[in-house]
Amino acid sequence: MSSHSARDVKRRRNSAVRALAESSGRRRKIPEDRLGTPIAAATTRHNVTFINTCFSQHGITPARRNTPFRQVPSKRKIPPNTPLLEENSGPEKISSFLRKQWTLYSVTPLYKFSYAKFKDYSKLLSAYITAEKQTGLAVEVGMDLNIKVTFSSLSGLKGNEHDQRAVFIQITSRSAFAAPNSEEKVLWTGCLCCTFGDMEILSCLLKDFTCLPLFLVNGGETLTAMVGTWFQKTFDCCFSRLVISARDLTWMAAMWTGCKLENHMAAIELLFSVPCSPCNLDISYAIHPEDARALWESIHKSQDEVTEEEVNLFMNCLYSHFFRHFKIYLSATRLVKVSTAVASAHCDGKVKLLSEEYIISVLALLTELATNQIQY
């Protein structure tokens, strides 16, 4: 190689090194929190865009750090029947949770949130939504708007005295041409709650933070994005879609099968997705509720907790029964949905609450899943 060619190679190598250093320098200029997450980066989850804000600068004392690759617990406590539901909640609000499809989100602790400022929050969120719908035009807070937001608390969704009261949010609208006494149309409903929250996290939470990790939403994605963005900007929190793993769905199938309902019984339905299927083949498996209950009671021993071994045995018995009849290995498929008389849940994070009697038990499990998704 000539000296001239060697100099060219050396010059190109030096240029590449300088370009790499400049690129690294530019990346380091992006502000990050202590978890290495860009503070003001926009993320899109299932067509709903939220803005991540840094809550961890003055968040909770790090008692542990969960990751998306968390291990499923070897046992779960069965939440006791709590009297809080009947004593402190209006039946009309509780009934509004039933037989609706709710989309689940996980929420980091809210900073400087106050239950005494619900009227202010209602006016501010109403103005924000109206301004967004009017493509950014300024709207005076408190003026008469077609959009109305109502914040209220719901003590009945607490599992115990350590939980924070649930926050019920409703967005309604009345047409400009409607009669003054006409009923408002409900556009969107949401609920932030903590039912039997993780005591390890609650005990480490600083006084300026409110822990309501589970967010249930019933409404359009546009309003959901607006509400989520307003919460993140106002309370320095972060929202993320809560997906349910196939493993957690098996726990739901077992635990909800064990719930005794006197007035309403429905078949246990399991929906499986067949991997690598050219026509998106699904397999639906329905079990008579009495047969499923008898199987579960022959396996489950404790009244206070459910173990992983019991869940595995319950599902394996169902798989074996299905194989004897259809010669199909359900263990080679993926469980995507569970439907019972208590509730139904889909892997994409959508649930229906069907039993008022066991609403606390269902929310307790969903609160655990939402809490585990947050990285502390």
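Taking segment 197-241 as the range and being under 14 Å from the mean Cα position of the chain (by Cα) and among the charged types (D, E, K, R) as the test, only 241 passes.
Here are some residues: 352, 301. Which one is at negative phi, at pLDDT below 95 and outside the structural domain of residue 95 (by TED's automatic domain parsing)? Don't jump to the end; show me each part of the working.
On the way: 352 fails: at pLDDT below 95.
Unique residue meeting the criteria: 301.
Of all the residues in segment 199-229, those that are surrounded by 20 or more Cβ atoms within 10 Å (Cβ to Cβ) and assigned to a loop (DSSP other than H, G, I, E, B) number 3.
If the condition is being of a type outside the set (S, T, N, Q), modelled with pLDDT under 85 and surrounded by 16 or more Cβ atoms within 10 Å (Cβ to Cβ), then segment 83-102 contributes 84, 85, 93, 94. Inspection of segment 292-310 finds no residue satisfying the criterion of being among the acidic types (Asp, Glu) and within 30 Å of residue 127 (Cα to Cα).
Quick one: in segment 230-256, which of the residues that are touching a strand residue (DSSP E or B) at 6+ places or on another chain (Cβ under 8 Å) and assigned to a loop (DSSP other than H, G, I, E, B) is nearest to residue 112 (Cα to Cα)? Steps first, answer last, please.
Applying the first criterion (touching a strand residue (DSSP E or B) at 6+ places or on another chain (Cβ under 8 Å)) to segment 230-256 yields 231-233, 235-242, 244, 246, 249-256.
If we keep only those that are assigned to a loop (DSSP other than H, G, I, E, B) too, we end up with 236-238, 242, 244.
On the way: 236: 9, 237: 10, 238: 14, 242: 24, 244: 30 Å.
Checking each candidate, the answer is 236.
Report whether or not residue 189 is more than 12 Å from the chain's Cα centre (by Cα), assigned to a strand (DSSP E or B), in the same structural domain as residue 110 (by TED's automatic domain parsing) and under 19 Å from residue 350 (Cβ atoms).
On the way: more than 12 Å from the chain's Cα centre (by Cα): yes; assigned to a strand (DSSP E or B): yes; in the same structural domain as residue 110 (by TED's automatic domain parsing): yes; under 19 Å from residue 350 (Cβ atoms): yes.
Considered against the rule, which asks whether it is more than 12 Å from the chain's Cα centre (by Cα), assigned to a strand (DSSP E or B), in the same structural domain as residue 110 (by TED's automatic domain parsing) and under 19 Å from residue 350 (Cβ atoms), residue 189 comes out as yes.
Name the residues in segment 169-197 that are surrounded by fewer than 21 Cβ atoms within 10 Å (Cβ to Cβ) and touching a helix residue (DSSP H, G or I) at 6+ places or on another chain (Cβ under 9 Å), would you? The answer is 187, and nothing else. Residue-level check: of (1) surrounded by 22 or more Cβ atoms within 10 Å (Cβ to Cβ); (2) part of a loop (DSSP other than H, G, I, E, B), residue 270 misses just (2).
So, residue 158, is that one surrounded by 21 or more Cβ atoms within 10 Å (Cβ to Cβ), at pLDDT 85 or above, among the basic types (Lys, Arg) and within 23 Å of residue 119 (Cα to Cα) or not? Steps first, please.
Numbers: surrounded by 21 or more Cβ atoms within 10 Å (Cβ to Cβ): yes; at pLDDT 85 or above: yes; among the basic types (Lys, Arg): yes; within 23 Å of residue 119 (Cα to Cα): yes.
Yes: the conditions hold for residue 158.
Residues in segment 304-317 that are of a type in the set (Asp, Glu), outside any helix (DSSP H, G or I) and surrounded by 19 or more Cβ atoms within 10 Å (Cβ to Cβ): there are none. I'd like to check something: does segment 284-303 contain any residue that is surrounded by 13 or more Cβ atoms within 10 Å (Cβ to Cβ) and within 23 Å of the chain's Cα centre (by Cα)? Taking every residue of segment 284-303 in turn, none turns out to be surrounded by 13 or more Cβ atoms within 10 Å (Cβ to Cβ) and within 23 Å of the chain's Cα centre (by Cα). Residues in segment 257-272 that are at pLDDT 85 or above, more than 14 Å from residue 297 (Cβ to Cβ) and either in contact with a helix residue (DSSP H, G or I) (Cβ under 9 Å, 6 or more places away or on another chain) or outside the structural domain of residue 300 (by TED's automatic domain parsing) (or both): 5 in all.
The values are calculated or read from the model by the stated rules, or taken from the named source; none is laboratory data. As the structure is a prediction and not an experimental result, all values here were calculated from the model. All Cβ positions, glycine included, derive from the backbone under ideal geometry; neighbour counts span all protein chains shown.
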